[in-house]
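K.L.:
First, the structure itself, so that you have it in front of you.
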């Protein structure tokens, strides 16, 4: 009887010192081991080799061609690039202070598609930058935002310095 009381006192003292986390963790570990052991006894699924369907590749090519045709329909001719850049400036100008812009033409687009990259350093508050970007992206389907780099000086209340890289997607000259 004294041994039971002593064992119970030791267990109570151990739980008081170390808390219930260790016994609970040990119980969960034991339960996971039992579940894992039972899972090993379940029958393993067998793999079956199925021959690919022959009609899958042509339909994928047709879908890609239709998607590219639909994409080209929203593009404006490359001759209107200046007007699109002005529209981008107009859409973002109230909130963003444009300082300068760098332009580069990329040749990695699909045939008949021209990409004009515009890199702009701007300054403003975060909410204003985000709102201007959202408005421009919603109103210009030919525009994509490729990169955003944000910097802020350590001073509280200082404006956010951002470097934005846009892509204007245009229809290449001579493309339908």
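K.L.:
Any chance you could count how many residues in the range 125-156 are modelled with pLDDT under 90 and exposed (fewer than 12 other Cβ atoms within 10 Å of the Cβ)?
P.N.:
7
K.L.:
If you go through the range 99-124, how many residues are loosely packed, with under 14 Cβ neighbours inside 10 Å and over 23 Å from residue 174 (Cβ atoms)?
P.N.:
Within the range 99-124, residues that are loosely packed, with under 14 Cβ neighbours inside 10 Å and over 23 Å from residue 174 (Cβ atoms) number 3.
K.L.:
Using the structure shown, decide if residue 70 is over 15 Å from residue 166 (Cα atoms) and either modelled with pLDDT under 70 or under 29 Å from the mean Cα position of the chain (by Cα) (or both). Quick ask: steps written out before the conclusion?
P.N.:
On the way: over 15 Å from residue 166 (Cα atoms): yes; either modelled with pLDDT under 70 or under 29 Å from the mean Cα position of the chain (by Cα) (or both): yes.
In short, yes.
The values are calculated or read from the model by the stated rules, or taken from the named source; none is laboratory data. On a predicted model such as this, the values are computed, not experimentally measured, just so you know. In this analysis, Cβ positions are derived from the backbone assuming ideal geometry, glycine residues included, and neighbour counts consider all displayed protein chains.
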